[in-house]
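Here is the structure we will look at.
The values are calculated or read from the model by the stated rules, or taken from the named source; none is laboratory data. Treat the numbers as computed from the prediction; the structure is a model and nothing was measured. Neighbour counts run over all protein chains shown; Cβ positions are idealised from the backbone, glycine included. Each accessible area value is taken on the protein alone, full model and side chains, heavy atoms only, with ligands, DNA and RNA left out. Shrake-Rupley method; radii C 1.70, N 1.55, O 1.52, S 1.80 Å.
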Amino acid sequence: MVLICRNYKGDVDMAEIDHFLPLLMTQEEEGLTCPIMSHGNVHFLWIKHTNLYLVATTNKNSNASLVYAFLYKVVEVFTEYFTELEEESIQDNFVVVYELLDELMDFGFPQTTDSKILQEYITQEGTKLEVAKTKVPTTVTNAVSWRSEGIKYKKNEVFIDVIESINLLVNANGSVMSSDIVGTVKLKTMLSGMPELRLGLNDRALFALTGRDKGKTVTMEDVKFHQCVRLSRFESDRTISFIPPDGESELMSYRINTHVKPLIWIESVIEKFSHSRVEIMVKAKGQFKKQSVANNVEVRVPVPSDADSPKFKTSTGHAKYVPEKNLAVWTIKSFPGGKEFLMRASFGLPSVENDEMEGKPPITVNFEIPYFTVSGIQVSCVCARACEYTVLTFENKLMRNQSGDLLSIN
């Protein structure tokens, strides 16, 4: 069922969207799901969020990266407006959704996609119509479109968070097969006026440019900045110079290819007994500094699909069986560095003959370590202009991760 549709250019028949779900179901049955599907000369570019499919259609060789960036931006904006983006929130806010779609894109080209700016003139009070509010804010046509004029705070503050996620794959022998770090620098800005900030990084390219080679440096790849950053300045002297958006925003993201050792080491032993039960022993050891603590640790252990009668025993935390995902999930709220913990699980197993057919999925571990970045990236404030009493607070956080209806846009 198509919930809502917006045809920006009129060069794709609205009825083409009816081919999307049959194509998707066919690919899912064949196990060949693709983010881009075609029917005739029409291409479907789609993403899924909760119980919704957001689909863009085109009959040209469009820039796929731009289309997907726009679709994810639509999700971000709608989530800012409705808190939860799902079927009910679309049905309850048809008028606002259409207004947002008209402002987000014009004739197939993305326009104003900043939710804070959109909220200045598109409100959820759809029943009220006031002439004074129909005037488009000057922010939309400003050179600094991401920040309104006349912002005032009694106390000027900037909070900076560096959040890194490690993607790590370790084989059964304990050898690291692949590892990389994906990081973001997030801001929470409470500054008056139009301040200009400059931040410095311990970037290896910067140290080579300036002739410095002391201290720990990092090599960043796939760097992506918020539109407020002056790219020419960064390319010339690697300084991040910008007028920040008000409130919370993501300043930049990056990726670092480097060898990383597992911060939480996992050992497992699986024993099967006379085709009647299986016992699993999992040991987790923190391989990070003792002064650091991993929070919300979640160890996901695959179990056979026909397992039943679960029994658990843990040295800390608690474990539960999630039958719909064929997982035993061991949760530890606080995991100090250098500590070891143990979990034992026992399952009834009516048959073990299907074990070879099911394969052996890996054990995955998710956790967060506050005030810790594995890459060693450092952010420093070079200058803050037009803010006499600016306070900069830095927080480092490490996160380790291991991967409906239709909303049509064409």
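Tabulated data for the structure shown
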read-out	value
Pair list, Cβ < 9 Å and 6+ apart or interchain, from the range 268-297 residues that are under 24 Å from Ser165 (Cα atoms) to residues that are hydrophobic (A, V, I, L, M, F, W, C) and open to solvent by 60 Å² or more (accessible area, probe 1.4 Å)	Val282/Val269; Lys283/Trp265; Lys283/Val269; Ala284/Trp265; Lys285/Trp265; Gly286/Trp265; Gln287/Trp265
Leading residue by the ranking (least open to solvent (accessible area, probe 1.4 Å)) among those in the range 338-383 that are more than 23 Å from Ile270 (Cβ to Cβ) and modelled with pLDDT of 90 or more	Gly338
Tabulated pairs, the range 189-202, first within 15 Å of Tyr254 (Cα to Cα), second charged (D, E, K, R) and at pLDDT below 90, C-beta under 9 angstrom, 6+ apart or interchain	Gly200/Arg238; Leu201/Arg238; Asn202/Lys216
Selection within the range 102-147 - of a type in the set (D, E, K, R), modelled with pLDDT under 80 and under 19 Å from Gly247 (Cβ atoms)	Asp114, Lys116, Glu120
Any chance Lys60 is at pLDDT 85 or above, more than 21 Å from the chain's Cα centre (by Cα), loosely packed, with under 13 Cβ neighbours inside 10 Å and among the basic types (Lys, Arg)	yes
Sole exception among (1) touching a Lys or Arg at 6+ places or on another chain (Cβ under 9 Å); (2) exposed (fewer than 15 other Cβ atoms within 10 Å of the Cβ); (3) modelled with pLDDT of 85 or more for Ser192, by number	(2)
The range 13-50, residues that are open to solvent by 60 Å² or more (accessible area, probe 1.4 Å), part of a strand (DSSP E or B) and within 28 Å of Phe82 (Cβ to Cβ)	Ile36, Lys48
